[in-house]
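The values are calculated or read from the model by the stated rules, or taken from the named source; none is laboratory data. Predicted model, so just to flag it, every value in this text is computed and none were measured. Neighbour counts are summed over all protein chains in view; Cβ atoms, including those assigned to glycine, are modelled from backbone coordinates with ideal geometry.
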């Protein structure tokens with residue numbers, strides 16, 4: 001006796017799992033369900049950000065909490081960038097993402113979290129507007145699409161992924177020449193030196209490509225750079241209430 005097919009709603013969680021999607025070929029029904037969920041996720045993200053003004057995205061580690069040396073500098077920098085008139089977007093999680101969202105809220109601007117449903121990472125309490133995602137790639141598109149600049153706070157694999165994706169999009173003319181700032185010289189300088197001494201020296205990319213990454217631990221320098229962009233966009237400065 002042939003087993004009747006399960007209804008589509010019963011396939012939903014299994015069919016749309018990102019882990020299962022990346023495990024290889026699946027049934028046509030499951031693949032179709034994934035396409036629907038991916039489409040729904042993009043529509044959800046586009047609609048959520050459609051009426052929001054220019055953003056600056058802060059990337060950083062979820063593991064560097066309030067006692068970490070970079071937490072307060074990240075919070076202060078996000079507050080100052082928010083006061084320029086930019087909305088601040090992070091991945092909405094704990095650690096340095098929380099620090100940036102906290103600074104954004106203190107600026108009087110909008111604090112946004114594009115969260116991902118991964119185990120043991122709850123959204124932080126300083127997010128004013130939360131946009132939920134299941135697929136990492138959909139989330140990354142949104143974090144880039146609505147941003148006019150990127151501040152890379154100290155972080156791990158996810159932050160490195162986001163850094164190199166942003167720079168690659170700029171290099172290949174998929175993204176405008178927006179500022180990409182590595183904030184925290186002590187943390188990032190070794191990476192920049194390696195990029196200069198190994199892949200650049202080998203001809204894997206050009207000096208122009210490397211120059212797209214701006215390394216600093218001077219908050220004034222970051223704010224001044226973004227203030228030029230804010231004036232170009234005719235943003236109204238925000239003052240804390």
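Output the residues belonging to segment 80-98 that are over 21 Å from residue 133 (Cα atoms) and surrounded by 24 or more Cβ atoms within 10 Å (Cβ to Cβ).
Going through segment 80-98, the residues over 21 Å from residue 133 (Cα atoms) turn out to be 80-86.
If the condition is that a residue be over 21 Å from residue 133 (Cα atoms) and surrounded by 24 or more Cβ atoms within 10 Å (Cβ to Cβ), then 81, 82, 86 are the ones that fit.
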Does segment 187-205 hold any residues that are outside any helix (DSSP H, G or I) and closer than 22 Å to residue 149 by Cβ, and which are they?
205
Residue count, segment 35-90, condition part of a loop (DSSP other than H, G, I, E, B) and closer than 21 Å to residue 106 by Cα, comes to 16
If residue 159 passes every condition in (1) at pLDDT 95 or above; (2) more than 14 Å from the chain's Cα centre (by Cα) but one, which one does it miss?
(2)
Among the residues that make up segment 177-186, is at least one of them assigned by TED's automatic domain parsing to the domain that holds residue 94, out of contact with any strand residue (DSSP E or B) (no Cβ under 7 Å at 6 or more places or on another chain) and modelled with pLDDT under 95?
yes
